[in-house]
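Here the structure is laid out as structure tokens; the discussion comes afterwards.
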Ligand SMILES: NC(=O)c1ccc[n+]([C@@H]2O[C@H](COP(=O)([O-])OP(=O)(O)OC[C@H]3O[C@@H](n4cnc5c(N)ncnc54)[C@H](O)[C@@H]3O)[C@@H](O)[C@H]2O)c1
């Protein structure tokens, strides 16, 4: 739940009116919370906001509600981003955080206790590992890692240095979802063998693939960090749109996905990786959107992707990503559907869950959600030195982000394996749980057709069908896929292997 929009938080008019409006009159819960935790300034936990973009400003809003912490650094290789956060914090607290470009400059500051990472995905693991090596606790946005190997390194670092490493899967602290989970765990939905995660968020083209200058003032070497330097950039907009370029982001399967894969996985009671995966889809529909067949969108992640995961116990998790327009009658753009033998559970937002019986009648509802609860759980654990009480530790982060990574690896390996709808139908018919798989393919094809996608011109890609060993956390007999569980790191930005953290 957001109390203020990011835009409002960062805008000048908001800053000018801050004392009067939201953080004043409307902040009673915040003040009440602060009083519960009254602490003298020199005992406060010092926080660095690492990544001062949209989500970084959300982090600021959450930490400002907790008197046990003080934001002392705003870190960003784009100085204008760090300055915005520093301005906003100063307005609220009268104390200006120090602006830094490179976290390494200040990691030996004993007043710095927490690094709160809201950078692009390709930086999450390195930020977390460096911070924990320096004795700091870390809150890391989802997906906790850009690839599977990085998540393993974070788990190892948290263990080795005894640090709190919370992933930003705030649903893990939301009452609606946790109470619904308890309800399912008590057997009220019967046996659950299938859960479906949905991300039906409209994502427009990010502009034509081309050569674009990096904005002035940005330390682009640092921004690129563990990824190769691509200069000039190939996307028009510098911030945010990296989500749709695989060197930095993980598409919507790895952006929105980790929230819903985490919920779907928890309702299947799975605590390990799946044993097989296949994805199909493509980056489709942007050519027709511009009425120009020669147009190539700068993104290289799928905007339409269905990923099917099977677990060793025979359960199935399906994740559907749709970036094109979806039926307006469909109320939810994100969600999870859990299929039990006694009923269904629908997660329709971060703070609302509905239970239906087998005939579709509503049985009950669960509501209540607030991102602050997740940050509070993190600060509680940091203050009490109880990493075991984190609601979403690095292992939870890896398992849920890992689903996105495995799904994307299947898709990337089959990216050039174009299939007709009939061929796709034959392939999915042979997968386990084929009734549902055929129905899902049918709905996906209808969706593409409704968006004017001509599959004869821009066909569907059928990803590789991959087997995975959940104990070794490696693909079985597939060196090409295993290579994609990690990446080649640039000198100076190498994420160490788990045994070397
Ligand atoms: N939990 C949630 O609900 C939620 C919501 C939105 C975003 N997110 C996550 O937050 C992260 C950030 O997303 P965003 O939308 O704010 O992106 P953004 O592009 O708007 O902001 C990212 C910021 O990080 C900065 N950055 C890049 N390299 C850095 C480095 N080495 N050190 C410090 N800063 C660096 C960039 O310059 C930019 O200012 C993503 O991983 C995203 O998945 C989570």
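The values are calculated or read from the model by the stated rules, or taken from the named source; none is laboratory data. Everything numeric here is computed off the predicted structure, so don't read it as measured data. Note: ideal-geometry Cβ built from the backbone for every residue, glycine included; neighbour counts use all protein chains shown.
Details
- Conditions (1) within 16 Å of the ligand (Cβ to nearest atom); (2) surrounded by fewer than 20 Cβ atoms within 10 Å (Cβ to Cβ); (3) outside any loop (DSSP other than H, G, I, E, B): number failed by residue 107: (3)
- When restricted to residues that are out of contact with any helix residue (DSSP H, G or I) (no Cβ under 6 Å at 6 or more places or on another chain), assigned to a helix (DSSP H, G or I) and more than 12 Å from the ligand (Cβ to nearest atom), segment 129-138 contains 1.
- Some residue of segment 174-196 being within 13 Å of the ligand (Cβ to nearest atom) and over 30 Å from residue 443 (Cα atoms): yes
- Hey, residue 339 modelled with pLDDT of 95 or more, closer than 28 Å to residue 374 by Cα, over 20 Å from the mean Cα position of the chain (by Cα) and surrounded by fewer than 22 Cβ atoms within 10 Å (Cβ to Cβ) or not: yes
- Filter pass, residue 126 being at pLDDT 95 or above, within 9 Å of the ligand (Cβ to nearest atom) and crowded, with 17+ Cβ neighbours inside 10 Å: yes
- Test: residue in segment 172-185 that is part of a loop (DSSP other than H, G, I, E, B), buried (at least 24 other Cβ atoms within 10 Å of the Cβ) and in contact with a strand residue (DSSP E or B) (Cβ under 8 Å, 6 or more places away or on another chain): no
- Those residues of segment 226-244 which are more than 9 Å from the ligand (Cβ to nearest atom), crowded, with 16+ Cβ neighbours inside 10 Å and part of a loop (DSSP other than H, G, I, E, B), in sequence order: 226, 227, 234, 235
- Annotation note: of 304, 261, 271, the sole residue that is surrounded by fewer than 23 Cβ atoms within 10 Å (Cβ to Cβ), more than 13 Å from the ligand (Cβ to nearest atom) and under 23 Å from the mean Cα position of the chain (by Cα) is 271.
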